[in-house]
Amino acid sequence: MAAAAAAAARCGRDPCGALCPLLAYLSVGYADYAVLAHVLPGPALRGSPWCPFHAVTFNLIVLLLLACHTRAVFADPGERRPPPPPARPFTGTGLPSPEEWTVCSRCEAYRPPRAHHCRVCHRCVRRMDHHCPWINNCVGELNQKYFIQFLFYAGLASAYAAGLVLVAWLGPAGGDGAENHVQTAHCIVLLLESLLFGAFVTVVFYDQVVSIITDEPAPEQLRGRGLKEAKRPRGCRAKLALLQEVFGRGCVLGWLFPCSCGTPAGPAYTPLPACDV
Ligand SMILES: [Zn+2]
Ligand SMILES: [Zn+2]
């Protein structure tokens, strides 16, 4: 209930936070409808034993996409109240290093290393990457896994839908004129939607994975306070360890599902109350 109330409050501050998830749900709903009602019953796939297989597999991917999206929307991205401030939060006169505690001028509170303030949510979030209107939430330490899974399944669903349209057109019985104009129109719209969304989520997915394996979330890249070239993690082991920090140290298969099993709990901070600035 508290998570739902917080999500509703974020919608009030950022109208895109309500519109973008609605657009995502409508797009996913339309894609599912078009596949089930117009692509699979088309002349190329109708009656094929593969037809029910494609219907079940596509809906399974859609189900996982929606589950990951829901968890990314309602999960705490890493909002934490720090324990009593350390004796020496600053050790130098210049910018604090990524290892030091800092004071957020907007929350007027100490924040852990690598936490950043979100202007939409009015709170500091640990290892914040960015505020995403598509999930109406920050992408941070504790929900980045679900966000990346959402991108992965959105890309997979887009590729699957585009592939099914191409099979319907180029398959043995496709393009023989038996399909009607309504089916053709839905196939064209579905293909365009899949290409558009597929390209968009692929670019964001790539960007997210690169930010994890280089250990540089977006705010640190922007402010030039990320790790220096010489300090960047190198080698497969270091990159795998960074991926495990986000996706969990359990079985790699668990990386595909929106569950928290094997995910590091992070430092034992208590949640911050809502901050009015
Ligand atoms: Zn703050
Ligand atoms: Zn935010």
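Scan region 7-23 and give yes if some residue there is farther than 29 Å from Ala75 by Cα and surrounded by 13 or more Cβ atoms within 10 Å (Cβ to Cβ), otherwise no.
Let us first name the residues in region 7-23 that are farther than 29 Å from Ala75 by Cα, namely none.
No - not one qualifying residue is present in region 7-23.
If I go through region 109-142 residue by residue, how many of them are outside any loop (DSSP other than H, G, I, E, B), of a type in the set (Val, Ile, Thr) and away from ligand 1 (no atom under 15 Å from the Cβ)? So that I can check it myself, show each step before the final result.
Let us first name the residues in region 109-142 that are outside any loop (DSSP other than H, G, I, E, B), namely 109-111, 115-118, 123-126, 130-132, 137-139.
The next check asks that each one be of a type in the set (Val, Ile, Thr); those that pass are 125, 139.
Now restrict to residues that are away from ligand 1 (no atom under 15 Å from the Cβ): 139.
Result for region 109-142: 1.
Test Arg10 against the stated conditions and say whether it is part of a loop (DSSP other than H, G, I, E, B) and of a type in the set (D, E, K, R).
Numbers: part of a loop (DSSP other than H, G, I, E, B): no; of a type in the set (D, E, K, R): yes.
It is false that Arg10 is part of a loop (DSSP other than H, G, I, E, B) and of a type in the set (D, E, K, R).
Is it the case, given these coordinates, that Arg106 is modelled with pLDDT under 95, within 16 Å of ligand 2 (Cβ to nearest atom), charged (D, E, K, R) and not in a helix (DSSP H, G or I)? First the steps, then the outcome.
Numbers: modelled with pLDDT under 95: yes; within 16 Å of ligand 2 (Cβ to nearest atom): yes; charged (D, E, K, R): yes; not in a helix (DSSP H, G or I): yes.
When the stated conditions are applied, Arg106 passes them.
I want to confirm something. Restricting to region 28-66 and keeping residues that are of a type in the set (Ser, Thr, Tyr) and surrounded by 14 or more Cβ atoms within 10 Å (Cβ to Cβ), which single residue is farthest from the chain's Cα centre (by Cα)?
Going through region 28-66, the residues of a type in the set (Ser, Thr, Tyr) turn out to be 30, 33, 48, 57.
Now restrict to residues that are surrounded by 14 or more Cβ atoms within 10 Å (Cβ to Cβ): 30, 48.
Working: Tyr30: 21, Ser48: 35 Å.
Going through the qualifying residues, I end up with Ser48.
Quick check: anything in region 143-154 closer than 30 Å to Gln221 by Cα, within 16 Å of ligand 1 (Cβ to nearest atom) and in a loop (DSSP other than H, G, I, E, B)?
No: zero hits.
The values are calculated or read from the model by the stated rules, or taken from the named source; none is laboratory data. From a predicted model like this one, the values you see are computed outputs, not experimental measurements. Heads up, the Cβs are rebuilt from the backbone with ideal geometry, glycines too, and the neighbour counts pull from every protein chain shown.
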